Structure formats: structure tokens, C-alpha cells
């Protein structure tokens, strides 16, 4: 088994992946400590099974929250389109 896992934060605004994971209570080491971009974090896998399970739980939670935020944003944009169309028609008439 590998001793470390590299994680890349893929959102454009997440330029410091260490801080993103830290906010989710996930401890890692910034990519810049290993001559890698700050979009990367190195996670240690040399821990107990319980620690590994907690890591997976927190990563899953972080991804789940991100997906919920994307869904809310997409729903807002879908609602906004008909509203903007209605407003434009109202301004034209």
C-alpha cells in the first residue's frame, strides 16, 4: 500500500488546497513543501484504520458539500433564465 496520497483541488478558485482541506478538518502537507503547486496536498496514509476511516469520511463530506453547492447554483441559474426572459419581455413592451 502507498504511504501517501496526493490530492488536487480542482475548482478554479481553490488555489491553496491545503487551506481548503484544513477548513474541512483534514490534515495534510502543502504541495509547495514538495516543489508541487499549491493546488496539491499530500495526505499521509500511515495511520490506524480508524484514522483512515475518518479521513475518508471527511473527504466524502467535503465532496458532498461541494456537489450540493453546485446543485444550488445550477438550480438558481435555471430559475434565473425564465425570470430574465420575463423581465426582458416586460422591458420591451
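For segment 1-38, how many residues meet the condition of being under 20 Å from residue 70 (Cα atoms) and in a loop (DSSP other than H, G, I, E, B)? Looking only at that region, the number is 9.
Checking the stated criteria, residue 42 turns out to be modelled with pLDDT of 90 or more and in contact with a helix residue (DSSP H, G or I) (Cβ under 8 Å, 6 or more places away or on another chain).
Per the listing 58, 29, the residue uniquely modelled with pLDDT of 90 or more and touching a strand residue (DSSP E or B) at 6+ places or on another chain (Cβ under 6 Å) is 29. Residue count for segment 1-23 under the criterion of being more than 25 Å from residue 48 (Cβ to Cβ) and either at pLDDT below 90 or touching a helix residue (DSSP H, G or I) at 6+ places or on another chain (Cβ under 8 Å) (or both): the result is 7. For segment 37-65, a residue qualifies if it is surrounded by 15 or more Cβ atoms within 10 Å (Cβ to Cβ) and closer than 12 Å to residue 9 by Cβ, and the qualifying residues are 38, 39, 40, 41, 59, 62.
The values are calculated or read from the model by the stated rules, or taken from the named source; none is laboratory data. The shown structure was predicted, so the numbers you read here are calculated from the model rather than taken from an experiment. FYI the Cβ positions are ideal-geometry reconstructions off the backbone, even for glycines, and counts take in every protein chain you see.
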